[in-house]
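The values are calculated or read from the model by the stated rules, or taken from the named source; none is laboratory data. Every value quoted in this text rests on a predicted model; they were computed, and no experiment measured them. Note: ideal-geometry Cβ built from the backbone for every residue, glycine included; neighbour counts use all protein chains shown. Protein only, heavy atoms only, side chains kept; ligands, DNA and RNA dropped before computing areas. Shrake-Rupley method; radii C 1.70, N 1.55, O 1.52, S 1.80 Å.
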Amino acid sequence: MLSKNLSLVFVLLCPALSMASALKPGTCLGTSSGLSMSVDRLLHYGRLHRRYRNCRLVRGNLELTGLEASTLDLSFLQDIEEVTGYVIIALNHVGTIPLKNLKIIRGRELYKGKYSLFVQYNYNNKDPSDGLNKLLFNSLTEIVRGNVVIDHNPQLCFMDTIHWNDILNPGQRRIGDWVYQIGTRNKEPSQCARCHDSCVAGCWAEGSEMCQQLTLEHCSPECEDARCRGTTREDCCDSECAVGCSGPTARDCTVCLHVNNSGSCEFACPPEFIYDPQAFRNVPNPAFKYHYFDQCVDNCPSNLLIDGNGCVKSCRVGFHNNGEQKCVPCKKEVCDKECFGVGQADGPLADARTVDSSNVHHFTGCTTVKGNLVFESIAFDGDPHTGLLPMDASQLAAFKDVKTITGYLQIVAWPKEFSDFSIFKSLETIEGADLYRDIAAVIIQDNTHPLGPFYLDQITSLGFESLRAINYGNVYIGYCQNLCYEQLVNWTSIIRHHTEYRGFNNGLLLRKNGESTKCNTTTCDPECDSNGCWGPGPDQCLQCSHYLYQGSCLESCPKSGVYADHNEKKCEPCHPFCDGLCFGKGPFKCITAAHLRH
C-alpha cells in the first residue's frame, strides 16, 4: 500500500519520468522487469506512456507487456529510434505495435541472457482471434547482438517474409552464434495478405511503405561486413556504420556501430596518450576524449566517476574514488570496502527490492555502497508467506561505516525505536549515478493515506550529521508528520546538480512534514552557523559558527591538547612533542615541550 501511494505522489508531481533531463532531450531509461507487470493494466499503460513519450533513444530495455484494450493509443512509441538493450513484446492483446522509427536494437543486455528481440504470447486467452497482427518495424535494419524469437502469436503475419540475415549484424553474429527463430505458431502465412508488389524482399505489413529495407544482402562483395546504400563498390558504407549510410565516410553513417566522436563514427574514443616515435615515449593526446555511453566527450557528467578514459558509475575492483570523482588505485590502508546495493546487477542483492533481515549482513563494514539503498515496510514487518523475519533495529548497525552511496537512498519505513536516521552518521556523499524514478537521490516519505499505517511518524529529525554532498539528483521528503529541522538545512550547499521537474525548487521538495506545533519553535544549536542543522545539538550542525572538535561545534577549543585553527574553524591536536599545550601546528609551536627538540 505504501509503495503504491509513493508512486502516485511522484506521478502527480512529475508527469514525464524519463532520463531526458538527466541525459539529453529524447533519451529515456528502459526497464528490466521481464514479463512482470502491474495488475492494474491502466496504471501500467500510464507508466509506459509517461516513460516513452517523446523518447528517441531508450537506454536499456524496451518492455511492452500487458497492453490489452484495443482502444489504447500507442502512438507515443513512434518516436523511438534506438534501444541499447533488448525489446520484449509479450502478453499483449492490441493489434499493432507501431515502432515505425525503430532503426537499431543493440542487445547490450539480453533477455534471459540470449534474446535481443522477444515477441511471444500476444493474444487473448479467452479469444485467440484477438491479438497482435502487425509489427510495424519498417525502419528496423540492425540488431547488433542477440537472438530473435517470434512465436505463439496466432494473429501475427509477415514475419516469415523478413530477411533476418540482413538485419542481424554479420560480424557479431559469427562471434556470438546468434540465430533467429520464426515459429510455426504465428498465423499461417497462407491466411495472411501478400507484401506489396514493390517490395524486393519481405515486408512488415501491407503497403509499399512497409517494405523491408535491405542494407546488407544486396551489397557488393567488396563491402565485406559493412552495410551499403546500393549494389556497387562505391555504395559501401564505412565499417563503423550501423543501420546504413548516406555516403562512404564515417561521417555519413545513419547510426554509429561503436562510438560517435563529434559526428564521426569510430571504434573507440581518442586515447589519453599517443606514442611519439621521435621521442620514443607516450605523450598527451590533444584530441583525448572520455567514453560516455556511445559518445566521446570532453568531460564526464558530474554524477559519474572517471576511470581511465571512461565515465563510470563506480570504480573497478582495486580502485577507489579519490574524492575528486576520479578512480585511483587502492592503497591497502585507504581502500574502501565496497558492497553492492539493492537491485544492483551482478551483486548478491540483484533480485532484492529492499534491505531486509535476510540480506542486511552484506553491508557490515561497508564504506561504499555501489548502487542504491532501499528500506520498505516489509523489511520491518516481515513476510509470513515467504518466511522473511522482521529486521531488528540493531541490525541497522551494519550501515554505521557507510560514507558513500553511488546511487540513491530511499526510506519509506524505519524502526519505531529510532527517531532519526543517525545510523548513517558516517554518510558523507550520495553520488546519484542512479536516481529514483530518474529524479531523486534522496526520497523519504511516509504513507500518504490519512489513516496510515504510518512507518515514519516517530521521525523527529534527519540525523545525517556527516552528509555534505549530493552530487546529482533531487531531494524529496514528504508526509513525515513529526519531522522537524529539514526546513533549517541549507540544501543548496548540499545539492550540487539537480534535475528540473515540476514541483521541485532547486532540486528540493519538502511536502507536508512537521505538522506538529513543536516544529514551529525548532531552532538549531547556537553553535551552528547559517547553513543549518540535521537535528538538535551541536553535533548536528552542517558548519560551525566557531570551532569543530570531535564532531561537535564549540564556542572555543579546550585549553589542553589542541589549538584553534582559525582558518579551518577546527580544534586540531598538538604535536606529540608538545606537553599538551601549543599555539599552532608542528613541534615548534609548543608552549611547553615534553621532548628535547633537535
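Could you tell me whether region 510-524 includes any residue that is within 23 Å of Thr368 (Cβ to Cβ), surrounded by 17 or more Cβ atoms within 10 Å (Cβ to Cβ) and not polar (S, T, N, Q)? No, that holds for no residue. Restricting His258, His218 to residues that are open to solvent by 50 Å² or more (accessible area, probe 1.4 Å), over 25 Å from Gly131 (Cβ atoms) and in contact with a Phe, Trp or Tyr (Cβ under 7 Å, 6 or more places away or on another chain) narrows the list to His258.
Against the list (1) within 14 Å of Leu35 (Cα to Cα); (2) without any contact (Cβ under 8 Å) to a residue 40 or more places away in the chain; (3) part of a loop (DSSP other than H, G, I, E, B), the condition Lys126 fails is (1).
Filtered by the rule that a residue be farther than 21 Å from Ser426 by Cβ and open to solvent by 30 Å² or more (accessible area, probe 1.4 Å), region 573-592 gives His575, Pro576, Phe577, Asp579, Leu581, Phe583, Lys585, Pro587, Phe588, Lys589, Ile591, Thr592.
Within the span defined as region 232-243, one or more residues are in contact (Cβ under 8 Å) with a residue 60 or more places away in the chain, open to solvent by less than 30 Å² (accessible area, probe 1.4 Å) and not charged (D, E, K, R). Screening Asp392, Asp420, Asp356, Asp381 for residues that are of a type outside the set (Gly, Ala, Ser) and touching a residue at least 60 places away in the same chain (Cβ under 8 Å) leaves exactly one candidate, Asp420.
The condition of being at pLDDT 95 or above and among the β-branched types (Val, Ile, Thr) does not hold for Ile175. Against the list (1) in contact with a strand residue (DSSP E or B) (Cβ under 6 Å, 6 or more places away or on another chain); (2) exposed (fewer than 15 other Cβ atoms within 10 Å of the Cβ), the condition Ser190 fails is (1). Only one entry of Gly503, Gly478 meets the criterion of being at positive phi and either open to solvent by less than 10 Å² (accessible area, probe 1.4 Å) or at pLDDT below 95 (or both), and that entry is Gly503. When the residues of region 261-311 are filtered to those that are out of contact with any Cys (no Cβ under 7 Å at 6 or more places or on another chain), among the charged types (D, E, K, R) and outside any strand (DSSP E or B), the one that is surrounded by the most Cβ atoms within 10 Å (Cβ to Cβ) is Glu272.
Matching residues to (1) touching a Ser or Thr at 6+ places or on another chain (Cβ under 9 Å); (2) more than 30 Å from Phe399 (Cα to Cα):
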position: Asn261; (1), (2): no, yes
position: Asp276; (1), (2): no, yes
position: Gly318; (1), (2): no, no
position: Val342; (1), (2): yes, no
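Among the candidates Tyr455, Tyr501, the residue that is in contact (Cβ under 8 Å) with a residue 24 or more places away in the chain, of a type outside the set (S, T, N, Q), farther than 23 Å from Asp392 by Cβ and not in a helix (DSSP H, G or I) is uniquely Tyr501. Restricted to region 246-260, and to residues there that are in a strand (DSSP E or B) and farther than 19 Å from Asn299 by Cα, the residue that is farthest from the chain's Cα centre (by Cα) is Cys253. Selection of first residues in region 258-274 that are more than 11 Å from His291 (Cβ to Cβ) and in contact (Cβ under 8 Å) with a residue 60 or more places away in the chain and of second residues that are open to solvent by 50 Å² or more (accessible area, probe 1.4 Å) and of a type in the set (Phe, Trp, Tyr), restricted to Cβ pairs under 9 Å at least 6 apart or on distinct chains, gives an empty result.
Look at Cys245 and say whether it is touching a helix residue (DSSP H, G or I) at 6+ places or on another chain (Cβ under 8 Å) and within 29 Å of Asn309 (Cβ to Cβ). Answer is no for this residue. Scanning region 107-123 for residues that are among the small types (Gly, Ala, Ser) and either open to solvent by 10 Å² or more (accessible area, probe 1.4 Å) or part of a loop (DSSP other than H, G, I, E, B) (or both) returns Gly107, Gly113.
Considering (1) within 26 Å of Ile378 (Cβ to Cβ); (2) open to solvent by less than 40 Å² (accessible area, probe 1.4 Å), the lone condition that Cys528 does not fulfil carries the number (1).
Has region 205-217 got any residue that is within 29 Å of the chain's Cα centre (by Cα) and outside any loop (DSSP other than H, G, I, E, B)? Within region 205-217 (the criterion being within 29 Å of the chain's Cα centre (by Cα) and outside any loop (DSSP other than H, G, I, E, B)), the answer is no, since none of the residues qualifies. Against the numbered list (1) surrounded by fewer than 21 Cβ atoms within 10 Å (Cβ to Cβ); (2) of a type in the set (Ser, Thr, Tyr); (3) modelled with pLDDT of 80 or more, Tyr86 comes up short only at (1). Counting only strands (runs of 3 or more DSSP E) that sit completely within region 520-573, those holding 1 or more residues that are in contact (Cβ under 8 Å) with a residue 24 or more places away in the chain and among the aliphatic types (A, V, I, L, M) correspond to 552-554.
Is one or more of the residues making up region 453-470 within 10 Å of Asn513 (Cβ to Cβ), open to solvent by 10 Å² or more (accessible area, probe 1.4 Å) and not aliphatic (A, V, I, L, M)? No, because not a single residue in region 453-470 is within 10 Å of Asn513 (Cβ to Cβ), open to solvent by 10 Å² or more (accessible area, probe 1.4 Å) and not aliphatic (A, V, I, L, M).
Just one of the listed residues (Asn138, Asn153, Asn133) is without any contact (Cβ under 8 Å) to a residue 40 or more places away in the chain and either buried (at least 18 other Cβ atoms within 10 Å of the Cβ) or among the hydrophobic types (A, V, I, L, M, F, W, C) (or both), namely Asn153.
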